[in-house]
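Enquirer: Handing you a structure now.
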Amino acid sequence: MSVKKVQVEAVAAVAAIAIVVVLVAYVAGNYVPNQLPRIPDQDAYTHQMALIGDIDLMVKIIVGIGVFAILLLEIYEHIAITECFRRKKVEE
Amino acid sequence: MEYVTRFSKFQIGVHAVGALSILLLYFTGFPISFPVALWWIPAALGYPLMMLIHRIAGATLVVVALILIIYHVLNAVFIRERFLRYVLPTQKDVIDAIYDVAYTFRLSDKKPRYDKRSWLEKFDLYTIAIIDGLLMCTTGILLWMPYLAMKIMPAPYLLAVTSVHAAFAVLSIAGVLLHFYLAHLSPEFFPLNRSMFSGEIPREEAEKKYGVWLDEIEGGVVR
């Protein structure tokens, strides 16, 4: 028996919803409010905060490069569109 | 005018729900990162309601991301082995990109005929899948459930997760703008691409842009 596309679509939708429902139910069942740990070790805390600063800087650099790359693609697409319309006009 | 079916009703529905949830996430998420410029959103909605909408939209986006992952895997396994070619990078994409750039800068008169998605559309797909589907969903879940996150990482690291979530939201909006640009300002579909709403594109436009894909569906190679 061959699998139909509509069956795949139905299974994907039901499975995805089921996974999220299970995740939410698990989290709700394990909810422990006001249990934030105290800072046990000042040195470890200082080290972690320094690492977070580095991660923050790295993320900003990655995002900056990403936005620049996307901007370049948008400029390219703009040139491509202009060129396409130019050729269309020449043809006409 | 003759039309070709490009997207099923299911794909249209999933796209609509995903797009709506992403827009809602921007609307309710950016005021947290830019409270001075966007103070009026929490002022209008109230902070608790704004965060509730953000979480519901986030959970919806997680559902959409999971649907797309499961859908693509099942399709590739059970329906047609060539299905993943529509989403994974291929050698033809590299060749198409070279010809496309040459055509745009008047170095060639040959415009490439694309498969179901062009090289640029695939890149656009990856930015949305990786940034929104993977990074934003994962960091969003960790921030939503900090007590769960603290089981796997020290509490201060949640600050780094916050930073990643906020920074990649900016990249996400850049990716979505590229998506708008490619979908609606492309010469074949300017000024509005209706295919994601109706599921169909005019055959003439499909012939111009997605020639290889059209040959396949008409030749009966791909169902």
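Enquirer: Might you let me know whether the stretch B:141-156 holds any residue that is crowded, with 17+ Cβ neighbours inside 10 Å, within 13 Å of chain A (Cβ to nearest Cβ) and either under 19 Å from the mean Cα position of the chain (by Cα) or among the acidic types (D, E) (or both)?
Expert: Checked the stretch B:141-156: no residue is crowded, with 17+ Cβ neighbours inside 10 Å, within 13 Å of chain A (Cβ to nearest Cβ) and either under 19 Å from the mean Cα position of the chain (by Cα) or among the acidic types (D, E) (or both).
Listed here are the residues, each with its yes/no results for (1) touching a Gly at 6+ places or on another chain (Cβ under 9 Å); (2) open to solvent by 30 Å² or more (accessible area, probe 1.4 Å).
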| site | (1), (2) |
| --- | --- |
| B:V14 | no, no |
| B:F27 | no, yes |
| B:F30 | no, no |
| B:V36 | no, yes |
| B:I41 | no, no |
| B:H54 | yes, yes |
| B:A57 | yes, no |
| B:T60 | yes, yes |
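Enquirer: Answer yes or no: is there a residue in the stretch B:53-70 that is more than 14 Å from chain A (Cβ to nearest Cβ) and either of a type in the set (S, T, N, Q) or not in a loop (DSSP other than H, G, I, E, B) (or both).
Expert: Filtering the stretch B:53-70 for residues more than 14 Å from chain A (Cβ to nearest Cβ) gives B:53-54.
When the remaining residues are screened for being either of a type in the set (S, T, N, Q) or not in a loop (DSSP other than H, G, I, E, B) (or both), the result is B:53-54.
Yes, there is a match, as at least one residue in the stretch B:53-70 is more than 14 Å from chain A (Cβ to nearest Cβ) and either of a type in the set (S, T, N, Q) or not in a loop (DSSP other than H, G, I, E, B) (or both).
Enquirer: Considering every residue within the stretch B:161-171, establish whether at least one is touching a strand residue (DSSP E or B) at 6+ places or on another chain (Cβ under 9 Å) and either within 11 Å of another protein chain (Cβ to nearest Cβ) or under 21 Å from B:V63 (Cα atoms) (or both).
Expert: Let us first name the residues in the stretch B:161-171 that are touching a strand residue (DSSP E or B) at 6+ places or on another chain (Cβ under 9 Å), namely none.
No, the stretch B:161-171 contains no residue that is touching a strand residue (DSSP E or B) at 6+ places or on another chain (Cβ under 9 Å) and either within 11 Å of another protein chain (Cβ to nearest Cβ) or under 21 Å from B:V63 (Cα atoms) (or both).
Enquirer: To continue, here is another question. Any chance the stretch B:116-124 includes a residue that's out of contact with any His (no Cβ under 6 Å at 6 or more places or on another chain), of a type outside the set (D, E, K, R) and open to solvent by 60 Å² or more (accessible area, probe 1.4 Å)? Explain how you work it out, then say what you get.
Expert: Initially, the stretch B:116-124 is screened for residues out of contact with any His (no Cβ under 6 Å at 6 or more places or on another chain), giving B:116-123.
With of a type outside the set (D, E, K, R) added as a condition, the list becomes B:118-120, B:123.
Then keep just the ones that are open to solvent by 60 Å² or more (accessible area, probe 1.4 Å); that gives B:123.
Yes, the stretch B:116-124 has at least one match.
Enquirer: I'm checking my understanding of the structure. Among residues of the stretch B:194-206 that are of a type outside the set (G, A, S) and closer than 19 Å to A:K88 by Cα, which one is most open to solvent (accessible area, probe 1.4 Å)? Give the steps one after another, and end with the answer.
Expert: First, the residues of the stretch B:194-206 that are of a type outside the set (G, A, S): B:194, B:196-197, B:200-205.
Filter once more, so that each one left must be closer than 19 Å to A:K88 by Cα: B:202-205.
Working: B:P202: 18, B:R203: 63, B:E204: 117, B:E205: 52 Å².
The selected residue is B:E204.
Enquirer: Now for a separate question. With B:K116, B:K111, B:K151 as the choices, which residue is outside any helix (DSSP H, G or I) and within 17 Å of A:I79 (Cβ to Cβ)?
Expert: Details: B:K116 fails: within 17 Å of A:I79 (Cβ to Cβ); B:K151 fails: within 17 Å of A:I79 (Cβ to Cβ).
Sole residue among the options that is outside any helix (DSSP H, G or I) and within 17 Å of A:I79 (Cβ to Cβ): B:K111.
Residue-wise test of (1) within 9 Å of chain B (Cβ to nearest Cβ); (2) touching a Phe, Trp or Tyr at 6+ places or on another chain (Cβ under 9 Å).
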| residue | (1), (2) |
| --- | --- |
| A:A50 | no, no |
| A:L57 | no, no |
| A:K60 | yes, no |
| A:V63 | yes, yes |
| A:G66 | yes, yes |
| A:L72 | no, no |
| A:I79 | yes, yes |
| A:F85 | yes, yes |
| A:E92 | no, no |
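The values are calculated or read from the model by the stated rules, or taken from the named source; none is laboratory data. Given the structure is predicted, the values throughout are model-derived calculations rather than measurements. Virtual Cβ from ideal backbone geometry, glycine too; neighbours counted across all protein chains shown. For the accessible areas, the whole protein counts, side chains as well, though only heavy atoms, and no ligand, DNA or RNA atoms are used. Shrake-Rupley method; radii C 1.70, N 1.55, O 1.52, S 1.80 Å.
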